[in-house]
Amino acid sequence: MEFICYTDWDSLPESANALFAQGEKESVFCSRQWFENLAATALEDDLSMLLACVLEEGKVMAILPLMQRTSEYLYSLSHNYTSRYTLLLADEDQQEILKGLAEGLRKLPFKGMRLGPVAENDINMNRLQQAMESSGFECYRDFRFFNWVHRLKGQS
């Protein structure tokens, strides 16, 4: 397993599209189009995109879409209209992939990372937290995820 960070879409291997297609089935907020649009239109001047990936024999096995402010802080690649954020993860060898991701993140020079909004029952993010804690990170969770519901009251 190899940990690599990409800072532009053109460098990301073609095999990443399979993970985006899998994520898009769960939510539009996990689609490549969503992340590309955010990177192109919603990043403030002092933010840059960072796609933290794990590759195995050239195939992308995990993508953690991030934003970076200088080299001090990492954030989920999201904004106020993002109602769900998660890690894109292949189905096979998940424990090894997550271990490689956590160890790779450990080598990056940053002071803190904030990921959200993450659903409480997001298995991929729960496992990532476990892998990061095993790698020496201190992780804290705040409840900030809400299911948006609009009652129609008989209207169509």
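Considering the stretch 105-129 alone, what residues qualify as being within 12 Å of the chain's Cα centre (by Cα) and β-branched (Val, Ile, Thr)?
Hit for the stretch 105-129 is VAL118, nothing else.
Cβ contacts < 9 Å: first residue without any contact (Cβ under 8 Å) to a residue 12 or more places away in the chain, restricted to the stretch 1-26; second residue in a helix (DSSP H, G or I) and surrounded by fewer than 16 Cβ atoms within 10 Å (Cβ to Cβ), any location; separation 6+ or different chain. Result?
Listed pairs, sorted by first residue: GLU24/GLN33.
In the list TYR81, TYR85, which residue meets the criterion of being hydroxyl-bearing (Ser, Thr, Tyr) and within 21 Å of ASN124 (Cα to Cα)?
Residue meeting the stated conditions: TYR85.
Return the pairs, sorted by first residue and then second, in which the second residue is polar (S, T, N, Q) and open to solvent by less than 80 Å² (accessible area, probe 1.4 Å), the first residue lies in the stretch 116-142 and is in a loop (DSSP other than H, G, I, E, B), the beta carbons are less than 7 Å apart, and the residues are 6+ apart or on different chains.
GLY116/SER76; PRO117/THR82; PRO117/SER83; VAL118/THR86; ASP122/THR86; CYS139/GLN129
Which condition number in (1) modelled with pLDDT under 90; (2) of a type outside the set (S, T, N, Q); (3) farther than 17 Å from ARG114 by Cα is the one that LYS25 fails?
That leaves (1) as the condition not met.
The values are calculated or read from the model by the stated rules, or taken from the named source; none is laboratory data. Predicted, not measured: the structure shown is a model, and the values here were computed from it. We place every Cβ from the backbone using ideal geometry, glycine too, and count neighbours over all the protein chains shown. To get the accessible areas, we keep the full protein, side chains included, count just its heavy atoms, and leave off ligands, DNA and RNA. Shrake-Rupley method; radii C 1.70, N 1.55, O 1.52, S 1.80 Å.
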